[in-house]
Amino acid sequence: MSGPSTYEPKSGFERWLDTRLPIIRFAKDTALDFPTPKNLNYWWTFGGILALMLGIQIVSGIILAMHYVPHVDHAFNSVERIMRDVNHGWLIRYMHSNGASMFFVAVYLHIFRGLYYGSYKAPREVLWIIGVVIFLLMMATAFIGYVLPWGQMSFHGAVVITNLFGAFPIVGESITTWLWGGFAVDNPTLNRFFSLHYLLPFAIAGCVVLHIWALHVPGNNNPTGVNIRGTQDTVPFHPYYTVKDGFAIILFLILYAAFVFFDPNLLAHADNYVPANPLVTPSHIVPEWYFLPFYAILRALPDKLMGVLAMFGSIMVLFVLPWLDTSRVRSMRYRPLAKWFFAIFVVNAFVLGLCGMNLPDALVFQVGEDAEGEPMGLTYVWMSRFATAYYFAYFVVILPLLGLIEKPTRMPENIAEPVLAPEPPAHKPGRRGGASTAIGAPQAAPIVAERGG
């Protein structure tokens, strides 16, 4: 997509290096001069934000690993020592824990943007699939990282989640035993999780390189969803998008800093500041907020195996999404029905999160009492069942049918048309004083042309 290289070495050293390792040429062609659609909005900045957050997580994680002790007798105390005795240890630990939450905020917005603008459609199927792989690795890394502080919620969360693999017939028990390193969640489990938590971010970084490589083959999608046509539809990535993305990154870092410095435990659970005790179970075991929708799907089905399959299936369905959506139009800007169903899908995701954070038998609202005087009404487990049904129906039923029955609105011929095309002429004034036509776009166009030279 970037075309022939335009890089010209400017010094003897650059010429010498370019003939042996053309790394400067590669950076200029693939990062600075890469032709990018000129109409990208701020929803496209979350890729850069995610790359930055991954770097922060890796660096802060390496520093924390220097002081953390992966042993059931010392893990909790080593975290407290990091907070109290290590120079700026509190800052590094809070950057790492809140960085995970910010990571998921950015990735969910990144996924929703891809769903709305059809970034998973041909020729970007492999790009989308690699992105889903990154999402899975992120979830695995975040889960095992949450276990490492060895607090009450860490320990019992590990017991609950690892026991889920035992629901699989034949291989389930073997997988669970391998994860535990024995026959219960204990010191071998903590050692394995620490090793995996240290390793997986580098696997994520490798997949990010593949993700960017896959992006550079077909190029960026854009809000209109139409293919770019030549240089008139593109601008170099630098300086246009480096400045734009830089501004968005600064705003995101301000939000991140607000959590780190003013309320670092807002998204944490109080039980995790109590040392792990296998003999005392918390009253309500919940995962981190970014797993709550999937936790609600797990609890929605009464059968353990079906719940586990539904939870994993909610991620697996994303792998085949490019072939489930039958519409030939990428962007939902031009799909009026798809917009409404997508809006419901976003609300449904928040409903699943709400269900995941509450006790399944708790009432959402009460409608009366039964014969024994017990309150009756809609419970969170039933609401999660309705939300789970819509989640899967959106991908398996709604998107395939919309592609067959929906009539998209007119799409532009190129990405510049929605911005540069003149507006349709307004009606002529019927009497004197019709100011709406006098200040319309047809008269403003010559002024713009004159200012632009």
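The values are calculated or read from the model by the stated rules, or taken from the named source; none is laboratory data. No experiment lies behind these values; they were computed from the predicted model shown. Counting neighbours? That spans all protein chains shown, and the Cβs are built from the backbone with ideal geometry, glycine included.
For the reader, a short list of remarks on this structure follows.
- Filter result for residue 8 (surrounded by 13 or more Cβ atoms within 10 Å (Cβ to Cβ) and either modelled with pLDDT of 95 or more or not aliphatic (A, V, I, L, M) (or both)): no
- Hits in segment 46-68 (condition: more than 20 Å from residue 104 (Cα to Cα) and hydroxyl-bearing (Ser, Thr, Tyr)): 68
- Within segment 55-79, the set of residues being in a helix (DSSP H, G or I) and not small (Gly, Ala, Ser) comprises 56, 57, 58, 59, 62, 63, 64, 76, 77, 79.
- Some residue of segment 403-416 being assigned to a helix (DSSP H, G or I), of a type outside the set (Gly, Ala, Ser), touching an Asp or Glu at 6+ places or on another chain (Cβ under 7 Å) and over 26 Å from residue 40 (Cβ atoms): no
Okay, residues lined up against (1) under 24 Å from the mean Cα position of the chain (by Cα); (2) in a helix (DSSP H, G or I):
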residue: 353; (1), (2): yes, yes
residue: 359; (1), (2): no, no
residue: 365; (1), (2): no, no
residue: 378; (1), (2): no, no
residue: 381; (1), (2): no, yes
residue: 386; (1), (2): yes, yes
residue: 391; (1), (2): yes, yes
residue: 394; (1), (2): yes, yes
residue: 397; (1), (2): yes, yes
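- Flag: residue 165 does not match the condition of being aromatic (Phe, Trp, Tyr), in a helix (DSSP H, G or I) and at pLDDT 95 or above.
- Flag if residue 338 is in contact (Cβ under 8 Å) with a residue 12 or more places away in the chain, in contact with a Gly (Cβ under 8 Å, 6 or more places away or on another chain) and not aromatic (Phe, Trp, Tyr): no
- Residue within segment 149-162 that is outside any helix (DSSP H, G or I) and hydrophobic (A, V, I, L, M, F, W, C) present: yes
- When 238, 197 are checked against the criterion of being assigned to a helix (DSSP H, G or I) and buried (at least 16 other Cβ atoms within 10 Å of the Cβ), 197 stands alone in meeting it.
- Within the set 279, 267, 255, the sole residue that is modelled with pLDDT of 95 or more and either among the aliphatic types (A, V, I, L, M) or closer than 30 Å to residue 164 by Cα (or both) turns out to be 255.
- Close pairs (6 angstrom Cβ cut-off, 6 or more residues apart or separate chains): more than 17 Å from residue 57 (Cα to Cα) and in contact (Cβ under 8 Å) with a residue 60 or more places away in the chain in segment 120-144, part of a helix (DSSP H, G or I) and among the aliphatic types (A, V, I, L, M) anywhere: 120/321; 126/214; 127/214; 127/215; 130/210; 130/214; 132/318
- Each residue in segment 201-227 was checked for being in contact with a Phe, Trp or Tyr (Cβ under 9 Å, 6 or more places away or on another chain) and either assigned to a loop (DSSP other than H, G, I, E, B) or of a type in the set (Val, Ile, Thr) (or both), and 7 pass.
- Checking every residue in segment 83-94 against the condition of being crowded, with 19+ Cβ neighbours inside 10 Å, touching a residue at least 24 places away in the same chain (Cβ under 8 Å) and of a type outside the set (Phe, Trp, Tyr) gives at least one match.
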